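Heads up, the thing below is written out as structure tokens.
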Amino acid sequence: MSAAPASLAWFARHELTLAWREFTAMMTAGRRARGIGLAIFLVVVAALLHLMAFGLVAPWVSHGIVPDKATLVLLSGSGLLFWTVMLSQALESVTRVYYARSDLDLILSSPASSRRLFAIRTGAVALSTMALTGLLASPLVNMLAIVDGPQWLAAYGVVVALGALSTAIALAITIALFRLVGPKRTRLIAQIVAGIVGAGFVIGIQAAAILHYGNMNRFALFQSADIVAAAPDIGSLLWLPARAAMGDGMASAIMLAIGLGALALAIGVSASSYGRLAISAAGLNHVSSQRRPSPRAFRAASQRQVLRLKEWRLLQRDPWLLSQTLMQMLYLAPPALLLWMNFGHDAGAFVVVVPVLVMASGQLAGGLAWLAISGEDAHDLVVTAPVSPRIVLIAKIEAVLVVIAAVLAPLLALMAISSPRMALVTAICAALSAGSATAIQLWFRVVAKRSMFRRRQVASRAATLSEAFASIMWAGTGALLAAGSWLAMGPAVVAILVVGLARLISPRRR
Amino acid sequence: MTIPALAIAGLAKSFDRPVVADFDLTIRAGEFYALLGPNGAGKTTILRMVAGLLQPDAGSISIFGVDARRDPVAAKRVTAWVSDEPMVYDRLTPLEYLEFVAGLWQIDARTAEAKANELIDWLGLGPHANELCGGFSKGMLQKVALAGALVHEPQLIILDEPLTGLDAGSARQVKDVLLGKVREGVTVIMTTHILEVAERMAERIGVINQGKLIAEGTLAELRTRIGKESSLEDIFLDLVADAA
């Protein structure tokens with residue numbers, strides 16, 4: 001039986017059809033064989049993650065899990081880590097409900113109820129948030145259920161409750177931002193808040209662990225006697241999520257009631273303003289952004305200089321990139337703190353700091369290289385200009401590498417004061433990591449708009465995986481070199497092989 | 001004998017089927033040439049090959065005597081490409097955009113700045129010269145793109161449906177700019193679906209269908225060919241129907 005047009009069920013079916021088709025297109029790119037290969041890959045990855053989870057869970061279960069304060073602190077702390085990721089993702093997705101255009105103009109100009117569409121789209125955000133966190137947590141939950149008992153499956157209920165609560169909070173933040181700063185700035189600020197929420201808690205925990213224990217293991221903090229002693233009493237409501245995850249039926253029911261109730265309330269309160277706010281967000285396309293008149297005269301420059309300057313200007317004015325870079329910089333804060341704490345005392349800290357910097361260089365270079373090389377909004381202009389494609393590529397690569405160097409330079413300088421050898425190791429490995437990521441983006445380059453940046457990872461999974469894997473291997477090389485081990489040759493050889501393999505399978509080669 | 005602005009011989013391009021086959025065309029310097037054809041006739045493919053945006057499968061393209069396939073950089077120095085989708089950066093201002101284009105064509109900075117300001121005023125973009133292009137209307141973006149095409153003083157301007165989506169005022173401004181350039185001796189080749197524009201502006205008109213030139217000449221010559229006094233629209237429909 002088909003649903004009545006423009007009803008909740010009808011909108012839900014429409015959204016589901018679109019989401020499913022987009023998902024299958026992203027995953028398979030229209031090729032059945034690719035879908036089968038991906039399914040096999042996912043099964044293998046899931047099996048590996050479950051195996052790793054077993055390694056974590058088994059020793060804990062062997063000692064017997066009792067709902068004492070230490071267990072509740074560990075569970076709540078770990079759950080909080082998952083929840084900040086959920087809140088970050090929900091905030092990012094809720095902003096898209098207001099700002100993504102696609103079919104919104106059509107629907108808002110129709111007599112259909114925008115409230116129903118809003119309810120469905122917000123519900124979809126909550127579902128996707130729950131699904132992602134559920135997937136991330138599933139190896140641990142499933143292994144706990146297998147090894148310790150099925151009561152742990154109640155943790156999925158907590159995921160549902162926290163997903164709903166995150167979406168409700170994300171909605172409240174978005175509406176508050178619309179009121180406080182207006183539609184023009186809401187998206188950027190929401191993205192920055194999402195980035196800080198996603199990274200901030202993890203980084204804060206790491207910073208606390210470094211200050212107290214001198215290492216970056218965030219779980220060390222949750223297991224410390226001081227924290228357990230300072231935590232509220234066992235009967236506190238703060239432990240409700242942890243109790244629910246451990247199979248306490250009443251706690252689960254309360255959690256679900258709070259989460260789903262908050263979501264229903266948030267949708268009910270925000271739905272009436274959705275049409276108005278979405279239209280005000282749409283109006284931004286027609287608002288000019290006045291810059292200060294530049295008295296600066298045109299400067300004589302070579303073609304390479306002109307291309308580099310253009311890339312830097314565009315990177316500097318890209319708000320999404322700014323929020324992402326801010327997040328990358330936040331991730332660099334803990335190693336910088338560790339470096340500062342151990343300044344002149346302990347060379348062991350470098351084993352932790354070097355790989356983080358190397359990994360961050362690779363990741364940042366990959367994103368920037370995509371924007372500079374593939375994300376060319378005026379592709380035709382650059383191609384029809386009297387400049388050889390080689391010069392264009394060289395200029396764009398230079399633009400990317402200079403930015404990476406500028407970000408890393410202060411940290412390398414700090415490192416060099418303490419240990420020039422470690423600074424050199426970091427600089428070499430970071431250059432190799434950034435170079436590998438840039439080369440992979442070069443070989444897998446496509447003609448795309450910068451606005452497609454978010455989808456770059458699904459456009460070529462081979463490029464994304466090889467870029468990440470090469471960065472990890474260079475980070476491993478850096479860590480082992482920092483430890484003074486010749487085993488560093490191992491990950492270095494693997495990194496070279498990964499880059500070579502990427503070159504072989506790249507479209508440019510084929 | 002004067003060197004033609006554009007000489008195409010035996011041009012061919014196939015994707016999953018042949019799109020352009022054995023295509024010949026010669027355009028004199030200082031001429032305004034309109035290339036017409038139904039959807040999918042191969043007009044854009046031909047112009048993209050001339051502009052260096054597509055690699056031909058076969059044939060030659062000569063721009064003011066320069067073999068564009070052998071020495072594309074030299075050919076590009078004297079050409080400009082304007083498509084229906086303005087090639088403009090959202091996060092640059094019109095002045096910054098023109099500075100970038102002038103830099104790509106290695107125009108002297110002072111000359112480029114004077115020319116850029118002149119074009120900005122000429123196209124009515126003065127009040128928006130320091131605004132980011134992201135908030136501009138389609139017409140304004142197309143004017144910025146056109147300014148970019150003119151800032152390096154090209155000898156051959158290639159335009160693919162430049163009037164698509166423009167309002168009457170913007171379209172008139174773009175047409176006036178192009179006619180002014182032709183009067184200065186610049187060669188213009190343009191595709192358009194607005195036959196009235198071709199009828200009023202072009203000195204010669206070429207009609208293509210299925211990648212082949214099926215008729216060419218002035219409006220009077222085309223009328224003579226089909227043997228009746230008709231509008232360009234009637235002539236075009238007759239020619240395409242005959243070719244099919």
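Readers should treat all values here as calculations from the given coordinates under stated rules, not as data from a laboratory. Computed from a predicted model, the values in this text were never measured in an experiment. Please note: Cβ atoms are built from the backbone with ideal geometry, for glycine as well, and neighbour counts cover all protein chains shown.
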remark   = So for R0 = 60 Å, FRET eff. of residue B:26-residue A:184 from the Cβ-Cβ r, to 0.05, ends up at 0.70
message = Can you tell me the length gained on complete extension of the stretch residue A:487 to residue A:461, counting 0.36 nm per residue apart and subtracting the Cα distance?
response = 6.4 nm
key: MRE, 222 nm, helices only [DSSP H, n ≥ 4, -39500 (n - 2.57), over the protein assembly as shown, to nearest 500]   = -21500 deg cm²/dmol
request  = First check a/c for chain B, with a ≥ b ≥ c the square roots of the eigenvalues of its C-alpha gyration tensor; if it is under 1.5, answer rounded, and if not, answer prolate when a/b is larger than b/c or oblate otherwise.
outcome  = prolate
ask   = Residues of B:85-95, mean number of Cβ from any other protein chain within 10 Å of their own Cβ, rounded to a whole number?
value = 6
remark   = The simple spin-label model distance between residue A:413 and residue A:36, using points 7 Å out along Cα→Cβ, in nm, is 5.8 nm
note = Shape descriptors of the protein assembly as shown over alpha-carbon atoms, Rg and Dmax in angstrom, are 30.8, 101
message = For residue B:54, what residues show an amide H to amide H distance below 5 Å, using hydrogens built from the backbone and excluding near sequence neighbours?
response = B:49
message = For the pair residue A:136/residue A:223, report the inter-label distance in nm, with labels modelled 7 Å from Cα in the Cβ direction.
response = 2.1 nm
Whole-number percent relative contact order across the range A:1-141, with pairs defined as alpha carbons under 8 Å at least 6 apart = 38 percent
key: Per-peptide average of other Cβ atoms within 10 Å, ordering A:485-494, B:185-194 highest first   = B:185-194, A:485-494
remark   = Expressed in nanometres to one decimal, the distance between label points 7 Å along Cα→Cβ at residue A:60 and residue B:164 is 5.8 nm
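Quick check for me: using +1 on Lys/Arg Cβ and -1 on Asp/Glu Cβ, what's the dipole size of the protein assembly as shown about its Cα centre, in debye to the nearest 20? Show your work: numbers first, answer last.
Values: 65 positive and 51 negative charges, 140 e Å.
Computed about the Cα centre, the dipole is about 680 debye.
Does the range A:8-284 come out rounded, prolate or oblate, given a ≥ b ≥ c as the square roots of the eigenvalues of its C-alpha gyration tensor, rounded meaning a/c under 1.5 and, failing that, prolate meaning a/b above b/c?
It is prolate, given that a/c is not under 1.5 and a/b is the larger ratio.
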inquiry  = Report, in listed order, any pair from A:396/B:181; A:396/A:449; A:396/B:13 with a Cα-Cα distance greater than 23 Å.
reply    = A:396/B:181; A:396/B:13
key: Per-residue mean of C-beta atoms belonging to partner chains within 10 Å, peptide A:297-310   = 5
inquiry  = Please compute the average number of Cβ atoms from other chains found within 10 Å of each residue's Cβ in peptide A:384-394.
reply    = 5
message = As I understand it, the value is the acute angle between the Cα axis of helix B:109-122 and the longest principal axis of the Cα atoms of chain B; what does it come to in degrees, rounded to 10?
response = 70 degrees
ask   = When DSSP assigns beta bridges and you keep just the ones with both residues in chain B, what percent turn out antiparallel, to the nearest 5?
value = 50 percent
